[in-house]
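The values are calculated or read from the model by the stated rules, or taken from the named source; none is laboratory data. Remember, predicted model here, so these are calculated numbers, not experimental data. Don't worry about glycine lacking a Cβ; one is built from the backbone with ideal geometry, like all the others, and counts go over all protein chains shown. Heads up: the accessible areas ignore ligands, DNA and RNA and are worked out on the full protein's heavy atoms, side chains in. Shrake-Rupley method; radii C 1.70, N 1.55, O 1.52, S 1.80 Å.
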Amino acid sequence: MKWMSRRKVIGLIGGMLGLVFLVPGASAGSHKEHPYRYSILDMPVSLAAGTIRTPEFSVGGNWYWILIQVEKPLPFMQMECMMGVLPGPLDTKDCSSNDPLLRADWTVWDEGHLVFSGSSTTQADAQHTKKYIFKFLGSFAGEAGKKYVMEVKFTKDGTPLNVANPHLIVVKQGEE
């Protein structure tokens, strides 16, 4: 009888440890709704015409994506047109002549020296999840130990997209 009660205690403890250690890891590992949750930089932005400047951020020695993330509060096709993420030029037949609204030039600075720059495209370069659209603006190579500042100049008034809670994100390539 004593042997059975020890077995039950060991089983109970093992079961509790399994719940504590295995279940949270399994649910975190299978959650793909926001693939960029390990971003280097994630800040809310307005897409109004003008320039935004990020706080200083550090990176490792890797390549990094620069993205704009938006939620999907508007009809999907309208969001794709406004973001400029349609697969090709023939897909724009349902878009307004003012689309895409998201157009940007970006620069990355290291101690006041321009180290990378680029511009967004007007089609494709996107990833979709159930909740978000991610528009890829460009990429840069980071050096370990360096501190960077990024400036993004929105060259067209994208304020109609502000209802979609836009964020500027920098994420290490390979973690998308």
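Worth a mention:
- Couplings 3J(HN,Hα) for region 97-112, derived from phi with the Karplus relation 6.51 cos²θ - 1.76 cosθ + 1.60 (θ = phi - 60°), are 5, 8, 7, x, 7, 8, 9, 8, 10, 9, 9, 10, 10, 10, 6, x Hz, where x marks Gly and Pro.
- Using the Cβ-Cβ distance between residue 111 and residue 131 with R0 set to 25 Å, the FRET efficiency works out to roughly 0.10.
- Close amide H pairs (under 5 Å, H built 1.01 Å from N) link residue 40 with 170, 171, 172, residues at least 5 positions away or on another chain.
- Evaluating 6.51 cos²θ - 1.76 cosθ + 1.60 at θ = phi - 60° for every residue in region 75-81, the Karplus couplings come out as x, 4, 5, 4, 4, 4, 5 Hz, glycine and proline recorded as x.
- With DNA, RNA and ligands ignored, accessible area of residue 122 (1.4 Å probe; Å², nearest 10): 80 Å²
- When each of 147/172; 131/156; 93/135; 146/172 is checked by Cα-Cα distance, pairs over 22 Å: 131/156
- Treating r as the C-beta distance of residue 163 and residue 143 and R0 as 45 Å, the FRET efficiency rounds to 0.75.
- Phi angles across region 133-147 convert, under the Karplus curve 6.51 cos²θ - 1.76 cosθ + 1.60 with θ = phi - 60°, into 3J(HN,Hα) values of 10, 10, 9, 7, 8, x, 8, 8, 9, x, 9, 4, x, 7, 10 Hz, Gly and Pro given as x.
- Across region 31-176, the mean sequence separation of Cα contacts (distance under 8 Å, 6 or more residues apart), normalised by length, yields a relative contact order of 47 percent.
- Charge sum, other residues only, whose C-beta stays under 12 Å from residue 51's C-beta, Lys/Arg counted +1 and Asp/Glu -1: 0
- For residue 74, residues with placed amide H under 5 Å, excluding near neighbours: none
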